[in-house]
Amino acid sequence: MTKIHPTAVVDKGATLARDVEIGPYCVIGANVVLGEGVRILSHVVIDGHTTIGEHTVIHPFASLGLSPQHLSYKGEPTRLTIGHHNVIREHVTMHVGTAQGSMETRVGNHSFFMAGCHVAHDCVLEDHVILTNSVALGGHVHVGEYANIGGLSGVHQYVRIGKHAMIGGVTGVDKDVIPYALAMGNRARLTGLNIVGLRRRGFSREDIRSLRTAYGLLFSQGGTMAERLIEVADLFSAHAGVMDIINFIREDSSRPICTPVAGNGNGG
């Protein structure tokens, strides 16, 4: 049974599935769609063309689906789409997309957004992402599945962060971070692989060993990156994880690839 607190303001155009709970002093706009079992605790604003998947929980003072912080935005009917089983904590902000981008900001499933995080226009976040307290993502950022971004970190617009990557706290990320990597610093540099995260997610010793070997070869001092990519792809063509890294580096991007600090190309 849907429960709406008497102090909440819910536009009659909003679409609510069954068992939605909307707490005190929330404001829900006309083009909002809430999936089954969504819980909105209190003092939350959801507006714009925003869809939120089932069993997502939204904590007080979150602001979702408002217009992007983009000077060229002219009120186009762009979207924010949030998947299912997410936790969105206090003061999180997520904006709709822009006509200059993909027209949509997309957030996947089973992700955790800690207090004060910001997801800007046209971002794409895959499943099982964690943004720690006060992380700020610029526009058009792409975050792969199981990536974890440490508190107070800022990610430059158009940056890609690969799957299973870990960004240390208070890091400025202005370059693409390859899958499975660990990056940190005032301006992010690779410091190896996210070994702890890989072990926690059940990667075998053999897989981790292959990833470390490939990482060491890719960021060695011999030859060019193009030559090293060919070498590593030939050696590990049957290894899905290594090929994730190869394909990530080969993809078109407006940002350069984040590289290791001097003397730290051994995979952690």
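Of note:
- Taking a ≥ b ≥ c as the square roots of the eigenvalues of the Cα gyration tensor, an a/c ratio of 1.5 or more together with a/b no larger than b/c marks the stretch 146-235 as oblate.
- Dipole magnitude for the chain: computed about the Cα centre from +1 point charges on Lys and Arg Cβ and -1 point charges on Asp and Glu Cβ, it is near 540 debye.
- Bins of 10 Å, starting at 0 and running to the largest distance - Cα pair percent for the stretch 3-140: 14, 49, 32, 5
- For the pair SER237 and MET103 in one chain, pulling the backbone fully straight at 0.36 nm per residue adds 44.7 nm over the alpha carbon distance.
- Using the Cβ of VAL177 as centre and a radius below 11 Å, the other residues enclosed give a net charge of +3, where K and R count +1 and D and E count -1.
- The chain: DSSP helices with Cα axial extent of at least 30 Å and average Kyte-Doolittle hydropathy no lower than -1.0: none
- Of the trypsin sites (Lys or Arg not before Pro) found in the stretch 169-216, those in coil by DSSP whose Cβ has at most 13 other Cβ atoms within 10 Å are ARG187, ARG201.
- Efficiency of FRET between VAL261 and GLU54 - r from beta-carbon atoms, R0 35 angstrom, step 0.05: 0.20
- Pairwise FRET efficiency - ILE230 versus LYS3, Cβ, R0 = 41 Å, nearest 0.05: 0.10
- The fewest-to-most ranking of LEU71, LEU152, LEU211, LEU16 by surrounding Cβ atoms within 10 Å reads LEU71, LEU152, LEU16, LEU211.
- The overall shape of the stretch 125-179, judged from the alpha-carbon gyration tensor, is rounded, with an a/c ratio under 1.5.
- When only the Cβ of Lys, Arg, Asp and Glu is charged (+1, +1, -1, -1), the dipole of the stretch 3-140 relative to its Cα centre reaches about 200 debye.
- Candidates ILE52, LEU125, GLY202 compared by Cα position along the dipole of the chain: farthest toward the positive end lies GLY202, with charges placed on Cβ.
- Virtual spin-label span in nm between ARG250 and ARG205, 7 Å along Cα→Cβ: 3.2 nm
- 3J(HN,Hα) couplings calculated from phi for the stretch 166-179 with the Karplus curve 6.51 cos²θ - 1.76 cosθ + 1.60 (θ = phi - 60°) are, in sequence order, 10, 10, x, x, 6, 10, x, 9, 10, 9, 5, 10, 5, x Hz; Gly and Pro show x.
- As a proxy for reagent exposure, ILE167, ILE208, ILE230 were ordered by neighbouring Cβ count within 10 angstrom, fewest first; the result is ILE230, ILE208, ILE167.
- Counting beta carbons within 10 Å around each of THR51, THR224, THR171, THR15 and listing the fewest first gives the order THR224, THR15, THR51, THR171.
- Taking 0.36 nm per residue of sequence separation and removing the Cα-Cα distance, the LEU71/VAL196 pair yields an extension gain of 40.9 nm.
Bear in mind that the values in this text are calculations on the coordinates, not laboratory data. The structure displayed is predicted, hence computed values, not measured ones. Counting neighbours? That spans all protein chains shown, and the Cβs are built from the backbone with ideal geometry, glycine included.
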